[in-house]
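Read the structure below first, then the notes.
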Amino acid sequence: MNIRTGICLALLVIGLAGCKAKKTSDSDLAGIEAYAKAEVKIERLRKQTEPDWNAIKAQYEITSAIVKKYDEKLDMQYDADIREALSKCAAGEKVKVNQQILAKGLQHVTVLAIRDELASVDKAESAERIKAYFESIRPTFVRRDQDFFSESNTLQTSADAALDSLTKSGATDSLGARREIEDVIARTYALCVLFEIMDIEKLRNTDLDKCEVKKMEAVVFFRIIEPRIKKRSPKIAESISSMLNGNYATMNSTILEKNLEAGLVPISLR
């Protein structure tokens with residue numbers, strides 16, 4: 001083999017290796033995008049007047065690989081809990097309550113996946129994955145903007161700015177962008193917890209069934225931000241948890257908001 005032929009072969013091998021690496025990366029991203037689309041579709045399907053639970057389960061199967069990944073990684077059991085909830089929904093057992101385990105559980109898994117990517121050493125790859133994951137929880141940011149910031153879309157604007165900053169940032173300034181993403185997620189889900197308790201205050205004397213749904217939503221939403229609050233103040237985290245798992249009559253949104261802000265300093269909820 002002459003030198004010229006050897007060089008050509010070497011370049012060919014390098015090119016093929018590069019293509020293979022790119023294909024693997026694209027395959028991972030495609031899986032995340034499929035997960036995000038399935039999560040959004042589940043939300044649409046479950047809110048129909050007569051949900052097709054077989055269709056919903058089929059969409060869940062698309063998400064289940066990522067759910068199982070974080071179950072194993074963090075010693076959780078969302079896959080088992082979600083499958084049990086789906087079976088109960090199909091059987092007509094407390095459908096509005098049990099479907100929240102599916103819907104909000106998937107949001108929790110999504111945030112865990114985003115945090116995992118935020119810790120990744122591969123900045124460019126993780127930025128694209130985070131953007132893909134975020135699309136599955138964007139509807140929650142939309143709803144909370146409508147509830148608290150209808151004139152400014154504060155949460156979506158902050159999230160999009162942070163995602164854009166993460167995509168453009170280099171290795172030296174990506175830390176700031178990553179912190180911005182973590183903060184806007186924490187703020188949004190703290191407002192989710194607050195919103196459900198505010199609704200319970202309005203409904204607790206007239207509609208206990210709706211209160212049960214709202215309580216389940218608040219409990220699962222709180223799981224998303226609890227580690228951050230517990231790290232700052234285990235006492236505050238315990239106080240919030242006790243309220244969420246307590247009697248409807250003792251739920252107080254004013255106290256809750258103060259505790260959430262104290263636990264998430266320097267974040268201001270409103």
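The values are calculated or read from the model by the stated rules, or taken from the named source; none is laboratory data. All values reported here derive from a predicted model rather than from experimental measurement. Positions of Cβ are backbone-derived with ideal geometry, glycine not excepted, and every protein chain shown enters the neighbour counts. Surface accessibility is based on the protein's heavy atoms, side chains included, excluding ligands, DNA and RNA. Shrake-Rupley method; radii C 1.70, N 1.55, O 1.52, S 1.80 Å.
So here's what we get for this one:
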| item | result |
| --- | --- |
| Where a residue in segment 248-263 is within 20 Å of Ile224 (Cβ to Cβ) and in a helix (DSSP H, G or I) and its partner, wherever it lies, is among the hydrophobic types (A, V, I, L, M, F, W, C) and open to solvent by 20 Å² or more (accessible area, probe 1.4 Å), with Cβ under 6 Å and at least six apart | Ser253/Met198; Asn259/Ile236; Ala262/Ile236; Gly263/Ile236 |
| Failed item in (1) aliphatic (A, V, I, L, M); (2) at pLDDT below 95; (3) surrounded by fewer than 15 Cβ atoms within 10 Å (Cβ to Cβ), with Ala177 passing the rest | (3) |
| Of all residues in segment 38-64 being without any contact (Cβ under 8 Å) to a residue 12 or more places away in the chain and of a type in the set (D, E, K, R), the one that is farthest from Leu106 (Cα to Cα) | Glu50 |
| Of all residues in segment 61-77 being more than 15 Å from the chain's Cα centre (by Cα) and within 10 Å of Tyr35 (Cα to Cα), the one that is surrounded by the most Cβ atoms within 10 Å (Cβ to Cβ) | Ile62 |
| Test set (1) in contact with an Asp or Glu (Cβ under 9 Å, 6 or more places away or on another chain); (2) surrounded by fewer than 19 Cβ atoms within 10 Å (Cβ to Cβ); (3) at pLDDT 95 or above; (4) closer than 28 Å to Lys68 by Cα - Ser136 fails condition number | (2) |
